[in-house]
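Data first, discussion second: the structure below is written as structure tokens.
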Amino acid sequence: MWKYIVKRILTSVVILFFVSLIIYTIIRCIPTSYIETLARERASLPGAKSYTEWLAQLNAMYGMDCGIIEGFFRWVASAVRGEFGDSWYFNIPVTAKFASVIWDSFYLGVVAFVLQIIIAIPLGILSARKQYSRTDYAITVVALIGISLPGFFFATILKLIFSINLGWFDLYGKVGRYYDQLDAWGKFLDVASHFVLPIATLTIISVGSLMRYTRTNMLEVLNSDFIRTARAKGLSESTVINKHAFRNTLIPIVTIIGGTLPGLFAGAMITETLFQIPGIGYTSYTAMTNGDIPFFMFYMTFMAALTLMGNLISDILYAVVDPRVRVG
């Protein structure tokens, strides 16, 4: 196992290098750039230099006066030392801006993920146990609705019902207008109340796919020969389901769970934008649309590394869940 893990890590490093090169190339080719916008603004001032002169000067200042390959290796040389430069748009170090916004997205993602597991897996198992019953059809309809309808639709509906009609939650924002006047517990409750609707949106749009996946795998396991043998031995239905069937159902489910690791840090761009939560999703979108290459390059590389790590964790979990699975 350890040899396999080391081999996968070395392979992941190579993959991450080429993925970073592709990301850097795409970002350099984006038409909108912070440097070009800044050059236009300065060229429009009275008595200023021309746009071309400002563009050349700013490109030299920000290290963009070289080719893509040379620029990428400059970025790699700095990145391996932990230096990712300053954000052009936010005008602070990239890592400082990232650290200031990542935790809001992380809290949203973790709570939504836990709720997804708590809701989807039991309902998926229940749907499989009561196949073709009214319960099965009801759960299937709910799952398909969650899969089919987009997140911005659910977010808008929740805001209409609970913010506008009922007035239970604020329409947007991370904190209320009286946040600074509250004590520590009051501040926590204020932030938590603003996170309720975004978390509900993320849970609704993600629970359907896991629910259907759990149901499909549970049905496959329940029709296996060893389940028929367990029932023929006179074991109770709860023992058959919880001890024999559920453990084997977990094997494919760990692939999804391991793959959700990047999602915990990726942020929900649409949801954060609709509710104006200053998380990493909304921040990275702002950086991308303004051509902030240092910040967006760091963010995309970070996400690529998490994706590779998630795949490795999924493979390791196979051996943990099922002792029959071993890496040679």
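The values are calculated or read from the model by the stated rules, or taken from the named source; none is laboratory data. Keep in mind that what you see is a predicted model, and the values were worked out from it rather than measured. Here the Cβ is made from the backbone with ideal geometry for all residues, glycine too, and neighbour counts use every protein chain on show. Calculation scope for accessible area: heavy atoms of the full protein, side chains included, ligands and nucleic acids excluded. Shrake-Rupley method; radii C 1.70, N 1.55, O 1.52, S 1.80 Å.
Before moving on, here are some points about what is shown:
Residue by residue, here is whether (1) open to solvent by 70 Å² or more (accessible area, probe 1.4 Å); (2) over 16 Å from THR271 (Cα atoms); (3) free of Cβ contacts under 8 Å to residues at least 40 places away in the same chain holds:
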| position | (1), (2), (3) |
| --- | --- |
| PHE152 | yes, no, no |
| LEU158 | no, no, no |
| TRP168 | yes, yes, yes |
| ARG177 | yes, yes, yes |
| ASP180 | yes, yes, yes |
| ALA184 | yes, yes, yes |
| VAL196 | no, no, yes |
| LEU202 | no, no, no |
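- Selection count where residues are assigned to a helix (DSSP H, G or I), in contact (Cβ under 8 Å) with a residue 40 or more places away in the chain and more than 16 Å from PHE90 (Cβ to Cβ), scope the range 273-290: 2
- Filter result (under 23 Å from MET288 (Cβ atoms) and polar (S, T, N, Q)) within the range 35-92: THR37, ASN59, SER78, SER87, ASN91
- Test: residue in the range 212-226 that is under 20 Å from the mean Cα position of the chain (by Cα) and either open to solvent by 70 Å² or more (accessible area, probe 1.4 Å) or within 18 Å of GLN131 (Cβ to Cβ) (or both): yes
- Any hit, the range 215-223, residues being more than 25 Å from ALA138 (Cα to Cα) and in a helix (DSSP H, G or I): no
- For the range 70-111, the set of residues classified as farther than 26 Å from THR201 by Cα, in contact with a Lys or Arg (Cβ under 8 Å, 6 or more places away or on another chain) and in a helix (DSSP H, G or I) consists of GLY71 only.
- The set of residues from the range 32-64 being open to solvent by 40 Å² or more (accessible area, probe 1.4 Å), assigned to a loop (DSSP other than H, G, I, E, B) and either within 16 Å of TRP88 (Cα to Cα) or touching a strand residue (DSSP E or B) at 6+ places or on another chain (Cβ under 7 Å) (or both) comprises THR32, TYR62.
- Any pair with Cβ under 9 angstrom, 6 or more apart, that starts in the range 291-318 at a residue that is under 30 Å from GLY63 (Cβ atoms) and ends at one that is polar (S, T, N, Q) and open to solvent by 50 Å² or more (accessible area, probe 1.4 Å): GLY291/THR32; GLY291/THR37; PHE298/THR95; LEU308/THR11
- If you go through the range 18-31 and pick out every residue that is surrounded by 14 or more Cβ atoms within 10 Å (Cβ to Cβ) and more than 19 Å from THR286 (Cα to Cα), you end up with 3.
- Taken over the range 299-328, the criterion of being open to solvent by less than 30 Å² (accessible area, probe 1.4 Å) and either modelled with pLDDT of 75 or more or in contact with a Phe, Trp or Tyr (Cβ under 7 Å, 6 or more places away or on another chain) (or both) is satisfied by TYR299, THR301, MET303, ALA304, LEU306, GLY310, LEU312.
- The number of residues in the range 64-87 being within 24 Å of the chain's Cα centre (by Cα) and of a type in the set (A, V, I, L, M, F, W, C) comes to 2.
- Residue in the range 90-102 that is modelled with pLDDT of 85 or more, among the hydroxyl-bearing types (Ser, Thr, Tyr) and closer than 30 Å to PHE195 by Cβ present: yes
- VAL191 being of a type outside the set (D, E, K, R), more than 22 Å from SER105 (Cβ to Cβ) and part of a helix (DSSP H, G or I): no
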